[in-house]
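Asker: The structure under discussion is supplied below as structure tokens; questions concerning it will follow.
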Amino acid sequence: MTPNSAFDYIVVGGGPAGLCAIAKLIALNIPPKKIAWIDPHFEAGDFGTCLSAGSGVPGNTTVESYLRVISAMNCILEAQGLAPVLNTNIHHLNPNTTCTLNEASKPFKTLTHQFQRLVCAIKENVTAIHETPNKVSVLIDKTTITANHVILATGASPKNMNPSMPLKKIIDCNIAFIASELKKFLSDSINTTSVAVVGSSHSAALAVMQLLKLNCEVHHFMVGEYRYAESKITPEGEAYTKFDNTGLKGEVARFTKDLNNKQYHRYSAQNKAQITTLLNQHESKFTHLVVAIGYETSNTLTINHHPLSTYAYNPRNLKLNGLSHITGLGIAFPPKIIGHEGETEYAVGVGKFWATVNDPNVMEAWQCEALPA
């Protein structure tokens with residue numbers, strides 16, 4: 001790579017979504033050396049690093065879904081003359097079960113390293129992107145490269161709710177989700193026996209489960225009820241999963257359904273404003289707080305001098321509003337899914353990322369004319 005190098009595509013982010021984009025572009029016969037892939041680590045993003053620390057996060061994705069994506073990527077590698085990723089631990093698990101992200105991430109790290117060999121892999125951070133009618137420029141450190149199209153798979157960060165309780169210590173989600181990391185945190189923290197958890201999703205249920213297993217008293221503040229993933233069949237005989245994206249699965253679902261613990265206290269609210277009121281009313285009952293209310297776009301880069309989070313996106317084709325040659329992908333830019341029974345969800349997960357890059361609407365949004373000579 002040299003300053004002002006020109007590519008057909010630049011993919012920003014080395015997590016599962018970025019990997020899916022790279023594999024799909026190669027499958028579409030884009031010359032691999034006309035694809036730039038930028039990430040500071042190339043270790044499968046948070047999926048392969050902080051969420052796989054210690055004992056790892058219990059996953060909400062079936063082994064079968066991971067294996068399906070691995071198989072598809074192996075076919076692409078083999079077509080390029082590279083060795084497939086076979087016979088890892090996940091290949092020997094029951095495909096109908098879930099597993100930890102620690103276990104799931106291992107083959108995806110190996111896949112990442114294989115695909116790195118094909119494309120122009122740049123181990124750096126992107127700081128700024130500029131789009132003009134003729135090109136998209138990507139600033140990496142002090143070097144600028146250009147592309148016809150940029151795909152942003154930049155990941156996301158847990159949302160904050162800025163609670164008005166300055167004396168309460170926040171337990172980071174990436175600690176609360178992992179049993180070994182949470183145990184270490186609690187052993188280093190004085191008098192941490194009562195923790196508030198805010199949220200109604202799989203993330204919140206996971207934090208509650210890990211805290212109760214460590215004998216903490218939990219005060220759980222929720223809007224609405226939990227959903228559970230349900231296996232169903234359409235009248236035409238098609239199998240599907242209701243609440244596949246938002247419903248609890250695996251170990252977390254089993255634990256939550258059987259939850260009958262005197263150290264668990266639940267508070268229900270109608271909206272986020274009521275959650276804040278309830279937190280203030282009960283704040284004397286807990287010393288620490290876990291906020292598990294979803295994820296938001298990371299502001300690690302700017303586009304046309306504006307933070308990335310200021311750009312909305314089209315949930316049908318993932319194009320960023322107001323931009324012609326930049327699309328999102330992954331947890332920060334999930335497509336909207338309408339289920340068989342009319343339920344609306346946003347699709348997140350390795351299998352969903354692979355389905356997204358195979359969506360005709362998304363592939364059409366990736367089409368672009370060559371840069372002017």
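The values are calculated or read from the model by the stated rules, or taken from the named source; none is laboratory data. All values derive from a computational prediction rather than experimental measurement. Because the Cβ atoms are built from the backbone with ideal geometry, glycine has one as well, and the counts that use them run over all protein chains shown. The accessibility values were calculated without ligands, DNA or RNA, using every heavy atom of the protein model including side chains. Shrake-Rupley method; radii C 1.70, N 1.55, O 1.52, S 1.80 Å.
Asker: Around Leu111, under 14 Å between beta carbons, what's the net of Lys plus Arg minus Asp minus Glu among the other residues?
Answerer: Numbers: positive: Lys24, Arg68, Lys106, Lys109, Arg117; negative: Asp39, Glu43, Glu78.
Within the 14 Å Cβ shell, the charges total +2.
Asker: May I ask you to rank Thr144, Thr300, Thr327 by accessible area, largest first, using a 1.4 Å probe over the protein chains only?
Answerer: Thr300, Thr144, Thr327
Asker: Which residue, Ile145, Ala121, Leu289, has the largest displacement toward the positive end of the dipole of the chain when charges sit on each Cβ (Lys, Arg +1; Asp, Glu -1)?
Answerer: Checking the options against the dipole of the chain, the answer is Leu289.
Asker: Give me the percent of accessible area attributable to carbon and sulfur for region 188-245, probe 1.4 angstrom.
Answerer: Carbon with sulfur: 46 percent of the solvent-accessible area.
Asker: For region 55-72 and region 293-345, what is the centre-to-centre distance using only Cα atoms, to the nearest Å?
Answerer: Their Cα centres are 23 Å away from one another.
Asker: Rounded to the nearest 500, what is the chain's calculated 222 nm mean residue ellipticity when only DSSP H runs of at least 4 contribute -39500 (n - 2.57) each, over all residues?
Answerer: Roughly -8500 deg cm²/dmol at 222 nm, from the helical runs in the chain.
Asker: Would you work out if region 12-113 is rounded, prolate or oblate? Take a ≥ b ≥ c from the square roots of the eigenvalues of the alpha-carbon gyration tensor; rounded if a/c is under 1.5, else prolate when a/b is larger than b/c, oblate otherwise.
Answerer: oblate
Asker: OK, next. Ala121: net charge of surrounding residues, Cβ under 13 Å, Lys/Arg +1, Asp/Glu -1, itself excluded?
Answerer: Around Ala121, the charge tally is 0.
Asker: What do you get when you divide the Cα radius of gyration of the chain by 2.2 N^0.38 Å, with N the number of residues?
Answerer: Cα-based Rg divided by the globular estimate yields 1.03.
Asker: Would you mind checking which residues have amide H under 5 Å from Thr100's amide H? H placed 1.01 Å from N; only 5 or more apart, or other chain.
Answerer: Those lying under 5 Å, H to H, from Thr100 are Gly59.
Asker: Given 10 °C and 1.306 mPa s, how large is the Stokes-Einstein diffusion coefficient of region 70-175 in µm²/s, with Rh as the Kirkwood radius over Cα pairs?
Answerer: Value of D from the Cα-based Kirkwood radius: 87 µm²/s.
Asker: Once you sort the root eigenvalues of the Cα gyration tensor of region 297-373 as a ≥ b ≥ c, which label holds: rounded (a/c under 1.5), prolate (a/b larger than b/c) or oblate (the other case)?
Answerer: oblate
Asker: Could you give me the percent of Cα pairs per 5 Å distance bin for region 220-309, shortest bin first, beginning at zero and ending with the bin that holds the maximum distance?
Answerer: P(r) over region 220-309, rounded to whole percents: 3, 9, 13, 16, 15, 14, 12, 10, 6, 3, 1.
Asker: Would you mind telling me the antiparallel percentage of the DSSP bridges in the chain, rounded to 5?
Answerer: Antiparallel bridges make up about 40 percent of those DSSP assigns within the chain.
Asker: Let me ask something else. So, in Å, what gap is there between the alpha-carbon centers of region 176-205 and region 32-50?
Answerer: Cα centroid of region 176-205 versus Cα centroid of region 32-50: 29 Å apart.
Asker: Okay, next question. Using only C-alpha atoms and all pairs of different ones, pull out the Kirkwood radius for region 214-373 in Å with one decimal.
Answerer: Details: mean 1/r = 0.0517 Å⁻¹.
Evaluated on region 214-373, it is 19.3 Å.
Asker: For a quick protection proxy, order the peptides 45-58, 232-245 by their average other-Cβ count within 10 Å, most packed first.
Answerer: Going from most to least packed, we get 45-58, 232-245.
Asker: Also, quick follow-up: Within region 173-241, what percent of beta bridges assigned by DSSP are antiparallel, to the nearest 5?
Answerer: 40 percent
Asker: May I ask you to work out the translational diffusion coefficient for region 141-287 at 37 °C, viscosity 0.692 mPa s, via Stokes-Einstein with Rh from the Kirkwood sum over Cα pairs, reported in whole µm²/s?
Answerer: Once the numbers are plugged in, D ends up at 185 µm²/s.
Asker: Solvent-accessible area per residue for region 1-107 at a 1.4 Å probe radius, Å²?
Answerer: Dividing the accessible area of region 1-107 by its residue count gives 39 Å².
Asker: Could you pull out the pairs from Lys257/Lys352; Lys24/Lys109; Lys34/Lys135; Lys142/Lys319; Lys33/Lys336 whose alpha carbons sit more than 22 Å apart here?
Answerer: Lys257/Lys352; Lys142/Lys319; Lys33/Lys336
Asker: Between Tyr267 and residues 5 or more places away or on another chain, which pairs have amide H atoms under 5 Å apart, with H built 1.01 Å from N, and which residues are they?
Answerer: Residues meeting the amide H criterion: His220, Phe221, Met222.
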